[in-house]
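The values are calculated or read from the model by the stated rules, or taken from the named source; none is laboratory data. The structure presented is a predicted model; accordingly, all values stated were derived computationally and were not measured. Using ideal geometry, Cβ is built from the backbone for each residue, glycine included, and neighbour counts are taken over all protein chains shown.
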2 protein chains.
Amino acid sequence: MLTNARQFLLGAPLPTSAEAHQRLTKVKALAVFSSDALSSVAYATEEILLVLVIAGSAALGLSLPLASVIVVLLIIVATSYYQTIHGYPSGGGAYIVAYDNLGVWPGLTAASALLIDYVLTVAVSTTAGVAAITSAFPDLLPWRVELCLVVIALITWANLRGVRESGTLFSIPTYGFVVLFLTLITVGALRQIAGDLDPAPAHQVDQAAKTLTLFLVLRAFASGCTALTGVEAISNGIPAFQKPEADNAGKTLIAMALLLAIMFLGISFLARALQIVPVGDQTVVSQIGRQVFGDGPLYLALQAATALILCLAANTSFADFPRLSAILARDRFLPRQLTNLGDRLVYTNGIVTLAVLASALVLIFGGRTHRLIPLYAVGVFLSFTLSQVGMVRHWRKQGGAGWRWKAIVNSVGAVATGVVLLVIVATKLLHGAWIVLLLIPLFVWAFHAIHQHYVAVAAQLSLDGLEPEKWAGLASRKRQKVVVPISGVHRGTLAALRFARSLSRDVTAVIVDVEPQVTARVQERWPQWGQDVPLLTLASPYRSTVGPLLGYLDEVDRNDPERGLAVVVLPEFVAAKWWHELLHNQTARMIKRALIYRRGKTGRDRVMVDVPYHLRR
Amino acid sequence: MLTNARQFLLGAPLPTSAEAHQRLTKVKALAVFSSDALSSVAYATEEILLVLVIAGSAALGLSLPLASVIVVLLIIVATSYYQTIHGYPSGGGAYIVAYDNLGVWPGLTAASALLIDYVLTVAVSTTAGVAAITSAFPDLLPWRVELCLVVIALITWANLRGVRESGTLFSIPTYGFVVLFLTLITVGALRQIAGDLDPAPAHQVDQAAKTLTLFLVLRAFASGCTALTGVEAISNGIPAFQKPEADNAGKTLIAMALLLAIMFLGISFLARALQIVPVGDQTVVSQIGRQVFGDGPLYLALQAATALILCLAANTSFADFPRLSAILARDRFLPRQLTNLGDRLVYTNGIVTLAVLASALVLIFGGRTHRLIPLYAVGVFLSFTLSQVGMVRHWRKQGGAGWRWKAIVNSVGAVATGVVLLVIVATKLLHGAWIVLLLIPLFVWAFHAIHQHYVAVAAQLSLDGLEPEKWAGLASRKRQKVVVPISGVHRGTLAALRFARSLSRDVTAVIVDVEPQVTARVQERWPQWGQDVPLLTLASPYRSTVGPLLGYLDEVDRNDPERGLAVVVLPEFVAAKWWHELLHNQTARMIKRALIYRRGKTGRDRVMVDVPYHLRR
């Protein structure tokens, strides 16, 4: 029944052979890999304005220059990644590049930064997507958190079923978003030139505004840098491109960077031209949309496309987080369960982990994008920087024609992203970035501890130093000591006794005297049914079954350290229905658990044999 | 560590030999067994008034006549139980008497009625005890439910530690309560005669009062009948008395009935004399106490004694419920876990069950005595009636001198309690008694179903029809088929293989091909380490380990139905720390679970052998 419900929800299991690698054209690849980067224009301008407005509405004029600086930064980063694509044509995530060129610790640092940022991408994109919806339908505002959780649940469900990264499917919302945004910018610009646009209705701006400090400007810049999140996506996905992969990926990267630059600058320009002030219940993009398009269908389409591409952006993390987790698990830095491909050929455990963490973030931060932003981008810029530094080392090691020039390009990238990282940390530290700065080393430590454990296990299981010949020898065990704990004389007992006798000539049955009447009855019937096995009665002053039994087994070990105790044979009757088990004492199960987790005092492993007797009703 | 915390909370384990049976003097026995009955005067009068006041304050005059009728009923019931004590000197609970004389179904009906009433006794006594406290300290009123839960938790804890029914300990609150109540009544009566008492401040009574119907009078009577709960306690506890047990118990019963009658009538009289009207935030007894004693230390002592004896009354159920559950479990009508005597010689499972159910009732009914009362007393009077009818049959079967006279006394008791039962059901049905009327047959059905299961299990495990000689024969199994599922070549595998080879000459190792690289590596190393056991690789298109393995085992059964598959040997490495297990796939455990719950297609039970390999770090 459980299996049926599962299949209904998730679909029938897929064989491993169904794992096909679809190759994407440049147009489709842009749709698949750029949603995270492009969708950030839905909130990046607003985040800049939200910081500047602290210094009053006059300060908002700085938003366009700041946006321009961020676009310059974008060009530097994109150029750096263009080189990474050609340097790591099989896919160069920050973890791989940093690990390869800088060593384990930088690699793990990049990995933990990335994992944290994937979780934040889901939380930020979902909350921003829901904000696009509530801007159009303010009645839904009180359900903000619930809506976010529903969206995350839906994306999780789709990923557990296994959404193939279908280019066609992804093209519609991505290009729809691009087209609508470009239309918005064009129409807005033309109407502005024609003098046909009214500024937005004046909003109340806090009169007790602070003075505009350099710190505030840098904080606004740091907030705007969230526009760059997702730029690295293409460099992770090179193998999905048609041949020649690296060339096509490089061109797609350039197209994406261009689109992102245009849209970001365009929205920032319109926000200034319309004198938009950020307000609580409506996004900046929605305000611009209403002014340019009016309240009609075009405006609603804009909001819908914004919400959809933000869902796609969240969805990107659902591919990236489980994939990176699986790579880390394969390298023994995370629990190996994360490498398990589920029924539907997806990393089920990674998907569920991500969904739980992102939902927790949404709950903690009340579903508000603005509260999440200070945590965001720290991880991204840390991994940018590590990746660029790694590339510099890569070019130096590789040498070849023009390596110096390539190294210089990546050095510029590394310095630029490194400086931005410092700015982000310095300006956002007290607003939440400290959480991320605390988590990254914690994660690295956990990766290390897990790795140590796996190394220790492998060493203990290793066959080094053993001689195969010794093991291949005869394996008679007729002299081993076998103990059969019983609780009564019944069909289950008989089967267990017979099996025990086939193991050895030295079998002892043991009953723990918890209920004297039961013990007496067993002793009375033993001569007839005991199959000539001696029966030992153990006293149990404290009415425990497990305690005296373990004591006896230890004693056997002590009395005959040479042979010791080898095997415990447990009769266990298995109920016909699971709820029948509530009516039985489960003593066999308690004994099994106690024996497995507790090796004998002599340190010898004890073999445990279960002789089940199935009840039919 | 868990064991230490447990010992700190509950005390060190007690050996079975510590189960001593203290014999009680009459004076101490009265303290131990009468708290339930005597404590009901704390709320019985109030419950009568609460019904009568519906018809306006004039109707309150009926309370004294109703109390008198209830005292007459008390005399009848006490006389009946006096006879039961002599008829069942080894303890005659309603379940035993009804089962013995009327058969299984009446016995089970009495048992379920009693179990339900024990739970209600805890809930009603606790809420009434807390009401005594909040009457003195009205600031605590908002914490009513929390206080009840804390009280129940404390009583539960004391019982899990094992409160011996210490006569000395119980005497203080019980006799303190009796002395304070008798003082209250005496002082109140004297001051009333001296004309020195003012009536209580006039309270607002609902002006839109209903007319006083016969139904309302009967409902008031039914509510007052809760005063009789607990009268049967002495007849359950006869073996605890000093010799001659029955005589002493009988005399104690008379003393208890007399005390109860005096206190109940006295409080009802004072309530009338002082024109007390029941109010929400103060009990009737508290109102009387304030009028008679003033607000001083005597009043506080009265409230404290009331709260304490009500806790003792709740505590009585913590002895009775687990004991009756254990008797029912011994007779195979409840899960046998209820017969387990815990570390501290108490029926741990019964105590915890009672605490959970009573706490649920307190929560559901908001910690208010008055809301719980309609459910109460139904079970008591049902078990009274069944017990009396059973006694009539008992005397007839037993015969002897004057059996007719004894039978008549119990017949009068049966008719009286039967009529009261009908009155209670009729007047309280819609106020909550329906819940109890629904639960009683449900419990009886559950008892029956559980019994059927145990009977079926016993029949399936029975040795009837088996011949001991056949089982005593040789038990060589050298030709049995043994399968060893492996996931790699390591020390754990080697030990399992060697053990398997000691079992049979027909051993097959099996690897499920989930990760091709791992499988290839195992195949490569097999010739050297495989101990000449053939290795079989199973394809797993859906990446499941358990599925293909089960399929293979079934196939073995099918291909050789004569021998079939006998044994599965599982190598299992056991982590050094429990949290290490989070880092492993637990495949061995999954296989074990699947194999235990699923017998082969041929219906043959498969023996499962666990060969553990303990990791040390």
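Scanning for something crowded, with 22+ Cβ neighbours inside 10 Å, hydrophobic (A, V, I, L, M, F, W, C) and part of a strand (DSSP E or B), does the range B:222-235 turn up at least one residue? First the steps, then the outcome.
Going residue by residue through the range B:222-235, those that are crowded, with 22+ Cβ neighbours inside 10 Å are B:222-235.
Checking the rest, the ones that are also hydrophobic (A, V, I, L, M, F, W, C) come to B:222, B:225, B:227-228, B:231, B:233-234.
Remaining after also requiring part of a strand (DSSP E or B): none.
No, the conditions are met nowhere in the range B:222-235.
In the list B:THR121, B:THR84, which residue meets the criterion of being surrounded by 22 or more Cβ atoms within 10 Å (Cβ to Cβ), of a type in the set (Ser, Thr, Tyr) and within 19 Å of the chain's Cα centre (by Cα)?
Numbers: B:THR84 fails: within 19 Å of the chain's Cα centre (by Cα).
From the options B:THR121, B:THR84, the qualifying one is B:THR121.
Quick one: is A:GLN337 touching a Lys or Arg at 6+ places or on another chain (Cβ under 9 Å) and over 26 Å from A:LEU24 (Cα atoms)? Spell out the reasoning first.
Details: touching a Lys or Arg at 6+ places or on another chain (Cβ under 9 Å): no; over 26 Å from A:LEU24 (Cα atoms): yes.
No: the conditions fail for A:GLN337.
Restricting attention to the range B:91-99, does a residue exist that is closer than 30 Å to B:GLY280 by Cα, part of a helix (DSSP H, G or I) and touching a Gly at 6+ places or on another chain (Cβ under 8 Å)? Write out each step before concluding.
Residues of the range B:91-99 that are closer than 30 Å to B:GLY280 by Cα, as a first pass: none.
Scanning the range B:91-99 turns up no residue that is closer than 30 Å to B:GLY280 by Cα, part of a helix (DSSP H, G or I) and touching a Gly at 6+ places or on another chain (Cβ under 8 Å).
Go through the range B:497-517 and give me each residue that's more than 22 Å from B:ASP554 (Cβ to Cβ), under 57 Å from the mean Cα position of the chain (by Cα) and at pLDDT below 90.
Correct list: B:ARG498, B:PHE499, B:ARG501, B:SER502, B:ARG505, B:GLU515, B:PRO516.
Among (1) touching a residue at least 40 places away in the same chain (Cβ under 8 Å); (2) of a type in the set (Phe, Trp, Tyr); (3) within 14 Å of chain A (Cβ to nearest Cβ), where does B:TRP471 come up short?
(1)
Might you check whether a residue that is polar (S, T, N, Q), more than 30 Å from B:LEU216 (Cα to Cα) and either under 46 Å from the mean Cα position of the chain (by Cα) or within 10 Å of chain A (Cβ to nearest Cβ) (or both) occurs anywhere in the range B:461-468?
yes
Conditions first: (1) modelled with pLDDT under 95; (2) within 29 Å of A:PRO173 (Cα to Cα). A:THR127 passes all but one, so which condition is the exception?
Every listed condition holds for A:THR127 apart from (1).
Restricting the search to the range A:586-616, which residues are modelled with pLDDT under 75, on the phi < 0 side of the Ramachandran plot and not aromatic (Phe, Trp, Tyr)?
Within the range A:586-616, A:ARG598, A:ARG599, A:GLY600, A:LYS601, A:THR602, A:ARG604, A:ASP605 qualify.
Give the number of residues within the range A:352-386 that are within 13 Å of the chain's Cα centre (by Cα) and crowded, with 24+ Cβ neighbours inside 10 Å.
2
Please tell me if B:ALA271 is part of a helix (DSSP H, G or I), more than 29 Å from B:ALA58 (Cβ to Cβ) and among the aliphatic types (A, V, I, L, M).
Details: part of a helix (DSSP H, G or I): yes; more than 29 Å from B:ALA58 (Cβ to Cβ): no; among the aliphatic types (A, V, I, L, M): yes.
No.
Please note which helices (runs of 4 or more DSSP H) are completely contained in the range B:6-53 and include at least 3 residues that are more than 23 Å from the chain's Cα centre (by Cα) and modelled with pLDDT of 75 or more. Show your work before the answer.
Values: elements: B:26-33, B:35-39, B:44-52.
In the range B:6-53, B:26-33, B:44-52 are the helices (runs of 4 or more DSSP H) which contain 3 or more residues that are more than 23 Å from the chain's Cα centre (by Cα) and modelled with pLDDT of 75 or more.
Tell me which residues, restricted to the range A:274-295, are surrounded by fewer than 19 Cβ atoms within 10 Å (Cβ to Cβ) and closer than 18 Å to A:ASP196 by Cα.
A:GLN275, A:GLY294, A:ASP295
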